[in-house]
Amino acid sequence: MKTFAAALVAATMLSTAASAQWTGFYFGGNVGYGWGDSDSDVALSGQWAIEPAALRTGVTNLWSTSQSPDGVNFGAQLGYNHEFSGGFVVGLEADYAALNADDARLLPLTATSFGPTPTYGPGNSVDGKHMLAAKAKLGFSSGSWLFYATGGWSMAQVEGTAEVTSSGGYSKFGADTEWLSGVVYGAGIETMLGSNWSARVEYLRGDYSDFEYATAYRAGSTFVSPAYNEIITQDFDINSVRLAINFHF
C-alpha cells in the first residue's frame, strides 16, 4: 500500500507539472517569409467621359493589374497561455512584424485594345510595411509539444502608387499610405527546448480592407485642363510562415 500510495503521489505531481508547462507569460522574436496578393483597380472619370468607350476600357484594362508582394519579415511577440488538465491550452498574443512585402511593374508605351494609338505606359506598386495583431489561441499539448490554431484582429500599413504616361505627353502619378484593418488567422506547432525556452513554426494569413487614392498631373504633362481623373482602389492580403523563439516566465 505504501508503494502504491507513493506511486500515486508521484503520478499526481508529474501530471500537475505537465499540465502547467505551457501556463504563463512569454515573449520572443520571429523571422519569416511573406507572400501575398494585391489588386490595383483603376476607374476613370472627369474628362475621360468624352473619350470613346473602347479607349476607356482599353486604358482601364491595361493599367489595372494584380501584384504579388513578397519579402522577408521579422518582429516580436508577447503573450500568455493557460494550460488546463488534459492538455487543453488557451492563450492571448500581441505581435508586431516588419513585412517588407512589395511588388511593382512599369510598362513601356504600349498599345491598348482600343488600337495602336495612342499608347500608354502604366505603372503600379504596392508595399506592405508593418503589421500589428492581437490574437486568441486555442490548442492542446502532447508532452513537450503544443499544437494550436490562432486568429484575431490586425492592422497593416500599406503603400500604393500608380502612374501613367502616354504617347501624347499625358503624365500622371498618385500615391497613398494607409493603415488597413483586417483579420489574421492561422496555426502553429511549438516545442519546449528545456528550461524556459521554446521554438515554434507558424503560418498566418492576413486579410485587409481596401483603400483608394487619386492621381495628379506631373510637371510638363499635357491635358492639364480640363481634368482627366483616375481613382485607384488597392487591396492587400498576406500569407507568412514564421520561425519564432520564446522565453517563458
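The values are calculated or read from the model by the stated rules, or taken from the named source; none is laboratory data. Because the structure is a prediction, the values reported are computed rather than measured. Every residue, glycine as well, gets a Cβ built from its backbone with ideal geometry; the counts of neighbours run over all protein chains shown.
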Item to complete: Would you mind stating whether Leu146 is exposed (fewer than 15 other Cβ atoms within 10 Å of the Cβ) and farther than 20 Å from Asp235 by Cα?
Response: no
Practice prompt. Can you tell me which residue within segment 37-49, out of those that are of a type outside the set (D, E, K, R) and surrounded by 14 or more Cβ atoms within 10 Å (Cβ to Cβ), is farthest from Thr177 (Cα to Cα)?
Written response: Trp48
Fill in: Test: Leu109 is surrounded by fewer than 15 Cβ atoms within 10 Å (Cβ to Cβ) and closer than 17 Å to Val184 by Cβ
no
Worksheet item: Of everything in segment 134-193 that's touching a strand residue (DSSP E or B) at 6+ places or on another chain (Cβ under 8 Å) and not in a strand (DSSP E or B), which residue is farthest from Leu204 (Cα to Cα)?
Response: Gly168
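Which one is surrounded by the most Cβ atoms within 10 Å (Cβ to Cβ), of the residues in segment 229-244 that are in contact with a Gly (Cβ under 8 Å, 6 or more places away or on another chain) and over 23 Å from Asp70 (Cα atoms)?
Result: Glu230.
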Item to complete: Return the residue satisfying two criteria in turn: it lies in segment 50-60 and is at pLDDT 95 or above and assigned to a helix (DSSP H, G or I), and of such residues it is surrounded by the fewest Cβ atoms within 10 Å (Cβ to Cβ).
Response: Ala53
Discussion item. For the condition of a type in the set (Gly, Ala, Ser) and more than 30 Å from Ile50 (Cα to Cα), what is the one hit in Gly143, Gly174?
Written reply: Gly143
Discussion item. One residue is enough: does segment 95-103 have a residue meeting the conditions surrounded by fewer than 15 Cβ atoms within 10 Å (Cβ to Cβ) and touching a Leu at 6+ places or on another chain (Cβ under 8 Å)?
Written reply: yes
